[in-house]
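None of the figures in this text is laboratory data; all of them are computed from the coordinates on show. Computed from a predicted model, the values in this text were never measured in an experiment. Cβ: placed from backbone, ideal geometry, glycine included. Neighbour counts: every protein chain shown.
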Protein chains: 2
Amino acid sequence: MARGRLFALGLGPGDPELVTLKALRLLRAASVVAYPATEDGDSFARRIVAQWLDRGQQEIAIRFPMRPGPPPIDIYREAAARLAGMLERGSDVAYLCQGDPLFYGSFAGVLECLTRNYVVTLVPGVSSPMACAAAASVPLVQRGEMLSVIPATLPEAGLAARLATSEAVIIIKLGRHFAKVRRVLQSCGRLEGAIYVERATLPNQRVLPLAVVDSETVPYFASILVRQPSEPSG
Amino acid sequence: MARGRLFALGLGPGDPELVTLKALRLLRAASVVAYPATEDGDSFARRIVAQWLDRGQQEIAIRFPMRPGPPPIDIYREAAARLAGMLERGSDVAYLCQGDPLFYGSFAGVLECLTRNYVVTLVPGVSSPMACAAAASVPLVQRGEMLSVIPATLPEAGLAARLATSEAVIIIKLGRHFAKVRRVLQSCGRLEGAIYVERATLPNQRVLPLAVVDSETVPYFASILVRQPSEPSG
């Protein structure tokens with residue numbers, strides 16, 4: 001029997017309408033649907049496409065621990081083994097990815113653990129930096145500028161060092177790192193004009209000047225857009 | 001009469017199937033379709049969605065000069081004035097953007113020249129860095145890494161300085177800057193493992209180790225993926 005194929009589907013930042021035609025077609029065609037989930041089974045990726053599921057597809061939730069830090073490699077190995085089992089039985093598998101499969105996604109870890117025996121098709125998706133810029137209605141990056149995407153999880157000194165050499169910046173994965181990030185931005189003089197975007201493209205999206213944000217309420221899916229330090233525009 | 005609304009539609013990297021459901025819905029509903037074009041009228045953005053046009057929509061090509069450097073501000077001002085004219089007449093206008101509207105796109109320049117009198121809806125799209133990573137089947141950026149997006153148009157010293165402080169990197173807009181970029185990567189020891197991706201997601205897509213690319217044939221829509229200098233994975 002022919003092996004199944006694996007499709008990693010980038011589903012975008014959260015609005016189901018930001019799913020691509022290709023991801024939707026491949027989602028509907030797959031007999032197995034796998035997705036990352038929290039320990040209690042909730043899956044943001046699955047919620048994005050929930051309206052198109054329930055068509056008799058088998059579902060596999062890959063549960064990741066919610067504690068800080070990178071997940072143990074065993075989770076990726078086990079996930080890869082479960083997917084490989086499905087592929088060996090001839091099933092086509094769609095792995096659901098919020099945003100893009102290869103932009104800070106769990107799928108990269110799974111992909112590294114899969115043997116080269118399987119055909120893997122990667123479908124890129126709309127990513128959170130672009131969704132945040134659209135929500136805030138400001139350019140993410142222009143002309144000859146460099147764009148830096150910086151995870152808020154870095155230690156304070158690492159954040160400061162990276163900001164010092166960056167032009168246009170988006171800081172992602174805020175959550176409990178928010179107060180630290182704001183402190184660093186203030187100390188390097190880049191607080192003014194910085195824009196906070198929470199849950200971009202979802203019904204409860206919020207866009208605020210960074211200075212007025214209450215640090216107690218910041219979720220993981222929140223970002224800060226920091227523009228190039230001012231200079232004559234070219 | 002009510003003013004029309006302006007929709008900036010991110011159409012993704014080139015494969016028409018990577019258009020989002022939202023962009024397609026808004027494209028079909030608009031009575032006017034505007035897009036950036038070269039001096040001879042060719043428009044990459046229009047080609048992505050050509051199969052969905054020809055429904056009696058009025059088309060406006062915004063012609064940008066093909067010479068190097070940023071386009072003169074007058075082009076943006078004129079484009080904004082033409083769009084404003086349509087909006088004043090009550091027409092809904094879809095502005096087509098290859099990739100994403102706010103990621104190095106011409107739309108940011110138009111947006112800056114439009115008065116605040118108009119409702120502008122920005123629809124993010126799949127961007128070339130994510131498309132290139134998918135084409136190459138390698139992670140774009142993972143875990144706590146910073147991602148730097150660096151335009152190849154920078155001078156040699158500027159490229160070298162930015163590479164020195166970068167982890168995961170994608171260098172975009174290669175074209176005639178290719179030889180310079182490869183020279184810089186070689187001199188900072190980051191040539192090995194670098195991957196060249198040309199026209200990601202189009203039928204003539206090419207993925208090659210950087211070292212074997214012929215610098216004479218490199219188009220503008222080509223990128224180089226440079227991974228984090230090797231260290232134990234965490």
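Which of the residues that make up region B:193-208 are surrounded by 20 or more Cβ atoms within 10 Å (Cβ to Cβ), in a strand (DSSP E or B) and without any contact (Cβ under 8 Å) to a residue 40 or more places away in the chain?
Within region B:193-208, B:Tyr196, B:Glu198 meet the criteria.
Test of understanding: among B:Val149, B:Val126, B:Val138, which residue is touching a helix residue (DSSP H, G or I) at 6+ places or on another chain (Cβ under 7 Å), in contact (Cβ under 8 Å) with a residue 12 or more places away in the chain and part of a loop (DSSP other than H, G, I, E, B)?
B:Val126
Considering only residues that are free of Cβ contacts under 8 Å to residues at least 40 places away in the same chain and surrounded by 11 or more Cβ atoms within 10 Å (Cβ to Cβ), which ones fall in region B:51-65?
B:Trp52, B:Leu53, B:Gln57, B:Gln58, B:Glu59, B:Ile60, B:Ala61, B:Arg63, B:Pro65
Out of everything in region B:116-156 that is more than 8 Å from every other protein chain (Cβ to nearest Cβ), farther than 28 Å from A:Val120 by Cα and not aromatic (Phe, Trp, Tyr), what residue ends up being nearest to the chain's Cα centre (by Cα)?
B:Ala152
Consider A:Glu112 carefully, then state whether it is within 21 Å of B:Ser137 (Cβ to Cβ), under 20 Å from the mean Cα position of the chain (by Cα), surrounded by fewer than 24 Cβ atoms within 10 Å (Cβ to Cβ) and acidic (Asp, Glu).
yes
Filter region B:17-47 for residues that are among the aliphatic types (A, V, I, L, M) and touching a strand residue (DSSP E or B) at 6+ places or on another chain (Cβ under 7 Å) and give the result.
Hits for region B:17-47 are B:Leu18, B:Val19, B:Ala23, B:Leu26, B:Leu27, B:Ala30, B:Val32, B:Val33, B:Ala34, B:Ala37, B:Ala45.
Out of the helices (runs of 4 or more DSSP H) lying entirely within region B:1-115, which hold 3 or more residues that are away from chain A (no Cβ under 14 Å) and within 30 Å of B:Leu154 (Cβ to Cβ)?
Correct list: B:44-48, B:73-88.
Can B:Arg190 be described as among the charged types (D, E, K, R), in contact with a Pro (Cβ under 9 Å, 6 or more places away or on another chain) and surrounded by 14 or more Cβ atoms within 10 Å (Cβ to Cβ)?
Taking the combined requirement at face value, the residue satisfies it.
Can you name the residue in region A:1-50 that is of a type in the set (Lys, Arg) and over 18 Å from the mean Cα position of the chain (by Cα) and, of all such residues, is nearest to A:Val126 (Cα to Cα)?
A:Lys22
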